[in-house]
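Everything on this sheet refers to the single structure shown next.
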Amino acid sequence: RMLVKSIEWLGRKPLDAYVVGNFPSLYVMTKRDETSLAIGLWNCYADKADGLRIHTAHDVKDIEFVNCQGHVEENDIVIDSTLYPYEAAFINVTI
């Protein structure tokens, strides 16, 4: 939480997306253009990741899940499925 706040302060703008919670080896990559946001999640740990919640700084108009299932709650994307060890999932968001 402190790292997210510090990065937002240093960059003078909110992060496009970040995972809420403590997932030590869950790597997140984002790519944004004018109308979409792509999010990649990689679980590089021997434990599964359950209850993932991704906060976005954008309004979500449409969403597409690849290798996972989920839903949208306001500006948060909730992953309903489990991300197993060494597995990846991808989300394409229309903003």
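Grab every C-alpha pair in the chain, bin the distances at 10 angstrom width from 0 up to the longest one, and report whole percents.
16, 51, 30, 3
Do you know the Lys pair count in the chain for C-alpha distances under 23 Å, with sequence separation 8 or more or different chains? Walk me through the numbers before you get to the answer.
Details: Lys5/Lys13; Lys5/Lys31; Lys13/Lys31; Lys13/Lys61; Lys31/Lys61.
The result is 5.
Carbon-plus-sulfur fraction of the accessible area of the range 12-95, 1.4 Å probe, in percent? Present the calculation step by step, with values, prior to reporting the outcome.
On the way: 2480 of 5160 Å².
Roughly 48 percent, rounded to a whole number.
Compute the signed sum of charges (Lys and Arg +1, Asp and Glu -1) over the other residues within less than 14 Å, Cβ to Cβ, of Asp80.
Numbers: positive: Lys48, Arg53; negative: Asp50, Glu73, Asp76.
Counting the neighbours of Asp80, the net charge comes to -1.
How much length is gained if the chain between Asp33 and Ala88 is pulled fully straight, taking 0.36 nm per residue apart and subtracting their Cα-Cα distance, in nm to one decimal?
On the way: separation 55, 0.36 × 55 = 19.80 nm, distance 2.21 nm.
17.6 nm is the gain from fully extending Asp33 to Ala88.
Give the longest segment of the chain that steers clear of GluC sites (Glu not before Pro) in DSSP loops with at most 16 neighbouring Cβ atoms within 10 Å, not counting the sites themselves.
35-73
Where in the range 4-95 are there trypsin sites (Lys or Arg not before Pro) that are in a DSSP coil and have at most 15 other Cβ atoms within 10 angstrom of their Cβ? Present the calculation step by step, with values, prior to reporting the outcome.
Details: sites: Lys5, Arg12, Lys31, Arg32, Lys48, Arg53, Lys61; in loops: Arg12, Lys48, Lys61.
Here the sparse-neighbourhood loop sites are Arg12, Lys48, Lys61.
The values are calculated or read from the model by the stated rules, or taken from the named source; none is laboratory data. Not measured: the values here are computed from a predicted model. All Cβ positions, even for glycine, are placed from backbone atoms using ideal geometry, and neighbour counts span all protein chains on display. The accessibility values were calculated without ligands, DNA or RNA, using every heavy atom of the protein model including side chains. Shrake-Rupley method; radii C 1.70, N 1.55, O 1.52, S 1.80 Å.
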